[in-house]
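Novice: For reference, the structure I am asking about is given below.
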């Protein structure tokens, strides 16, 4: 009778997540240039969806304030009522996943094992998680080209010098702490973050968005 009351033996083959968090202080060795799609441009695309588009003649460019363009390209967070500039937290995660190619580690596993702990959310669009940038912003102006090859002046917020505190959550069954540190070092000197990074999908980059890990 006692045997019937005994619970059936369970064979557990999947271990619970072994997640740990590591904190790193990084310092930019090159300018960090940010490009956030402006709310105005998003609204223009929304209106095209809602109202449709009609053929027009030669488009005329409206006058624009360069400082306003620069401000619109920023990510802005807020803590205790104080605004601060940031970069998309996902950029560090994506860069570390990309750097796995250099270490012959499966990127598919890294996608499930590496996460950035954000300092806050963007005040204009809470979908964006941000890492706070410590550094003064200046206006970057550089010549570029549209997808059709037409020359244009590209205005972006740029930070240099800059630094930040990174908190990375990782699967300790996949990575050791030294693995995370070494992967982040590769991001800092080979992959980069933001506009003009060496790992840019559109070009070989401008050597921007590189950094090092501060000692101590």
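The values are calculated or read from the model by the stated rules, or taken from the named source; none is laboratory data. Computed from a predicted model, the values in this text were never measured in an experiment. So basically every Cβ, Gly included, is an ideal-geometry build from the backbone, and we count neighbours across all protein chains shown.
Novice: How do the strands (runs of 3 or more DSSP E) wholly within the stretch 141-216 filter down when requiring 3 or more residues that are over 20 Å from residue 86 (Cβ atoms) and in contact with a helix residue (DSSP H, G or I) (Cβ under 8 Å, 6 or more places away or on another chain): which remain?
Specialist: On the way: elements: 151-159, 163-171, 211-213.
Strands (runs of 3 or more DSSP E) meeting the threshold: none at all.
Novice: Give the residues of the stretch 142-166 that are surrounded by fewer than 16 Cβ atoms within 10 Å (Cβ to Cβ) and at pLDDT 95 or above, sorted by residue number.
Specialist: Residues satisfying the conditions are 161, 165.
Novice: Still on this structure, please answer the following. Take the conditions at pLDDT 95 or above, under 23 Å from residue 165 (Cβ atoms) and not in a helix (DSSP H, G or I) and apply them to residue 115. Does it pass? Don't jump to the end; show me each part of the working.
Specialist: Numbers: at pLDDT 95 or above: yes; under 23 Å from residue 165 (Cβ atoms): yes; not in a helix (DSSP H, G or I): yes.
Yes.
Novice: Do you know which of the residues in the stretch 116-132 that are touching a helix residue (DSSP H, G or I) at 6+ places or on another chain (Cβ under 9 Å) and closer than 17 Å to residue 71 by Cα is surrounded by the most Cβ atoms within 10 Å (Cβ to Cβ)?
Specialist: My answer is 130.
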